[in-house]
1. When you check residue 186 against the structure, is it under 24 Å from residue 63 (Cα atoms) and without any contact (Cβ under 8 Å) to a residue 60 or more places away in the chain, yes or no?
2. Right, residue 370: within 16 Å of residue 158 (Cα to Cα), touching a helix residue (DSSP H, G or I) at 6+ places or on another chain (Cβ under 6 Å) and surrounded by 15 or more Cβ atoms within 10 Å (Cβ to Cβ) or not?
3. Quick check on this structure: which one of 287, 297 is surrounded by fewer than 16 Cβ atoms within 10 Å (Cβ to Cβ), under 25 Å from residue 256 (Cα atoms) and touching a helix residue (DSSP H, G or I) at 6+ places or on another chain (Cβ under 9 Å)?
4. Scanning for something within 30 Å of residue 56 (Cα to Cα) and over 21 Å from the mean Cα position of the chain (by Cα), does segment 325-339 turn up at least one residue?
5. Taking residue 247 as meeting all but one of (1) in contact (Cβ under 8 Å) with a residue 60 or more places away in the chain; (2) in a loop (DSSP other than H, G, I, E, B), write down the number of the exception.
6. Restricting the search to segment 232-266, which residues are modelled with pLDDT of 95 or more and loosely packed, with under 13 Cβ neighbours inside 10 Å?
7. Going through segment 206-231 one residue at a time, which ones are within 15 Å of residue 276 (Cβ to Cβ) and exposed (fewer than 14 other Cβ atoms within 10 Å of the Cβ)?
């Protein structure tokens, strides 16, 4: 009996140190889409379609000790569509994940419901730094629109309904080397053990600039690159570059980079310009690799892109954003308009449009027109 009481006391003392916190959000995104007429004929799409995407994301955090934390992002996602649309065409697999942590609950003609773990990791802090094990978000790079040095699931700028970067299954460590200086090491696991990825990023600060060097082996290719962000007079400047090397065919090597500048003209007016060179892309639409784009292996098809974005604060609770992205090679592009109203401290409501243009079978011609409402409630 005495031993039982001591055991219960020890267990109670252990769990008394564990703290728990729960946050999350609910998103609803009703969308009207109108595909290009020729595209609709090819795929048998309706000219006027409606979708409704609802996401419930729960974020429990378990503080096991002052230096140990377990993070979980669990999500239920429901997509309703009255007919097949460009948004609901396929769902590219994630090639940065090894564990099958996604399950389908409902798969009917006009409704799909999935639930999955998008983050599931243990973070342990040490005197030298920290180690994270599990499905985690690893975001490298400094670009605001494109991130060629983000080797872990960067988001296509045209994908307005993608809010979160996908998690990557990895063991990562960050070693603190001094003030604003650290070294990150990552081992990323995929479904096939012989396709494991390795990466390293050294980051430091000099004067008013954050600087980083990147090297790794991803998708059976060597990657080397860098990124920077800082101030030039009163403007912010940033850039990043990555070179991908095929050790078996040097004619298959390519480089991607971005250069951007942004400026806060006044309390209300903000502007951004970002240029992207995509060495993996093609200059002619006849050479475009659409299958790789659908499968998630590419984010862009062309070589040269430009984005111009302006933001204007109409009211402390109302923000207006205008953006234009163009493929400089084939002349196609899309323009976006968003007005956001912070109705409550934890409730945002937005109205937005995405209007694409271009000749038949150019890159952004495929995206058509989208008009949407976005409601986000945080707790």
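The values are calculated or read from the model by the stated rules, or taken from the named source; none is laboratory data. Predicted, not measured: the structure shown is a model, and the values here were computed from it. All Cβ positions, glycine included, derive from the backbone under ideal geometry; neighbour counts span all protein chains shown.
1. yes
2. No.
3. Only one candidate passes the filter, namely 297.
4. Within segment 325-339, one or more residues are within 30 Å of residue 56 (Cα to Cα) and over 21 Å from the mean Cα position of the chain (by Cα).
5. Unmet condition: (1).
6. Hits for segment 232-266 are 235, 265, 266.
7. Those that are within 15 Å of residue 276 (Cβ to Cβ) and exposed (fewer than 14 other Cβ atoms within 10 Å of the Cβ): none in segment 206-231.
Yes/no matrix, rows are residues, columns are (1) assigned to a strand (DSSP E or B); (2) touching a strand residue (DSSP E or B) at 6+ places or on another chain (Cβ under 8 Å); (3) crowded, with 19+ Cβ neighbours inside 10 Å:
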position: 76; (1), (2), (3): yes, yes, no
position: 115; (1), (2), (3): yes, yes, no
position: 143; (1), (2), (3): no, yes, yes
position: 149; (1), (2), (3): no, yes, yes
position: 156; (1), (2), (3): no, no, no
